[in-house]
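Quick notes on the structure that follows.
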Amino acid sequence: MKAIRIHEFGGPDQVRIDDVPLPRVTAGKVLVHVHAAAVNPVDWMIREHIYNPAGADRVPLTLGQDFSGVVAKIGARSGTSFHEGDEVFGETWGSFAEYARVPASDLVHKPKNLDFVTAASIPMPSLTAWQAVVDTAGARPGMRFLVHGASGGVGAFAVQFAKLKGAEVFATASAPSFEYLRGLGVSRIVDYQHERFEQEVHDMDVVLDPLGGDVQARSWSILKPGGMLINLVGEIDDDAARQAGVRGVMFGMRYDTEDLREIAALVERGAVKPHVTQVLPLERAREALDLNQQGRSHGKIVLEVAWGEAGA
Ligand SMILES: NC(=O)c1ccc[n+]([C@@H]2O[C@H](COP(=O)([O-])OP(=O)(O)OC[C@H]3O[C@@H](n4cnc5c(N)ncnc54)[C@H](OP(=O)(O)O)[C@@H]3O)[C@@H](O)[C@H]2O)c1
């Protein structure tokens, strides 16, 4: 089968298309015939050796995590109610390939009315947004949220979950994303390339910060006393948070199939819409990673896997 792999950590030049044997289906695991796999910033961070949790810390390494596909084979003692032929989605290591090995307990049924491309775009960004906006911030009517990077993978779901729970939402974004965000009912979009958000919005209950650094430093002053900044990358400046009389929360998403099923149900009934902006064939994974790393995706890029030739 074809797999998008690196043999050394580093830049775009490390990304190769390799012919490799099918993953072995060991006990408790399932082989999934991948139909689509979405690009997340963590995929190029892993390639560059910036962030390498266990499972993504050794080469050769097949890149990619979010996927959708069809169950091709079920390993021994998997204790799963899934069957061969079931349409599934979720997260696993090595999804940029024609087949991926997935722990049986990590599978979720793909929403029936969604195509594979749309389903693959959901897991990591939606789980992050759900656990940040709903579980951590407790979004509810009367609350005001500023979502930085609002048209990105996480931001687009964060805006929609906060709105769904009745909160008012403000956003930072660049021009290509304005129309999309207006459609979501954002109260005020601040153009981060030409405006200073701290001069445009204030009295926030929650700031969702997927950028850190200077964006974090400028965000403390726009929070209400007792407000909360949820940081997705880097460190929290605890002194700055204390001085501003607000809370800084370092956030880490955990993969949770129950949360993903709940999100899938919202997407299935049209209450939340994934934001896919580009679809490329698996062979163009390197370019897809570059587009995201250079800030040119303005939404989700999904890799489509031409299948049927690899043979299970
Ligand atoms: N802690 C965790 O568990 C966790 C989980 C998932 C993701 N993350 C991290 O969260 C970050 C965002 O992930 P993502 O999937 O949403 O990325 P993404 O899809 O690449 O989106 C990033 C967005 O940031 C916007 N942006 C760039 N510079 C900006 C600035 N100065 N001010 C405001 N917005 C700016 C861009 O908006 P425009 O397109 O409008 O220009 C872009 O859409 C990444 O660093 C990722 O690694 C952390």
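Every number in this text was worked out from the coordinates using simple rules, so none of it is lab data. In this text, all values refer to a predicted model and were calculated from it rather than measured experimentally. Here the Cβ is made from the backbone with ideal geometry for all residues, glycine too, and neighbour counts use every protein chain on show.
Data for the structure
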item: Among 237, 13, 209, residue whose mean-square fluctuation peaks in a GNM of the chain (springs only between Cα atoms under 10 Å); result: 13
item: Convex hull projection area averaged over all views, segment 125-250, Cα basis, nm²; result: 6.6
item: Hz values of 3J(HN,Hα) by residue in segment 238-245 - Karplus curve (6.51, -1.76, 1.60), Gly and Pro given as x; result: 4, 5, 5, 5, 4, 4, 7, x
item: Binned Cα-Cα distances of segment 210-283, short to long, each 10 Å bin given as a whole percent; result: 16, 29, 27, 24, 4
item: Structure-based [θ]222 nm, the chain - -39500 (n - 2.57) summed over DSSP H runs of at least 4, per residue, nearest 500; result: -6500 deg cm²/dmol
item: The chain - charge dipole about Cα centre, Lys and Arg +1 at Cβ, Asp and Glu -1, debye rounded to 20; result: 540
item: Spatial separation of Cα centroids for segment 1-16 and segment 238-293, in angstrom; result: 24
item: Furthest towards positive pole of dipole, 272, 255, 221, structure part segment 199-282, Cβ charges; result: 272
item: Highest-MSF residue in the chain out of 183, 11, 212 [GNM, Cα springs under 10 Å]; result: 183
item: Residue of 157, 82, 170 that the Gaussian network model of the chain assigns the largest fluctuation, springs spanning Cα pairs under 10 Å; result: 82
item: Principal axes of segment 1-124: Cα extent on each, largest first, Å; result: 40, 30, 25
item: Greater than 20 Å apart at Cα, pairs in 110/300; 110/165; 112/163; 2/273; result: 110/165; 112/163; 2/273
item: Ordering of 17-29, 293-305, 93-105 by packing [mean C-beta count within 10 Å, highest first]; result: 93-105, 293-305, 17-29
item: Calculated from backbone phi, Karplus (6.51, -1.76, 1.60) coupling profile of segment 100-108 in Hz, x at Gly/Pro; result: 9, 8, 10, x, 4, 6, 9, 7, 9
item: Angstrom value of the Kirkwood radius, inverse mean 1/r, which spans all Cα pairs in the chain; result: 20.0
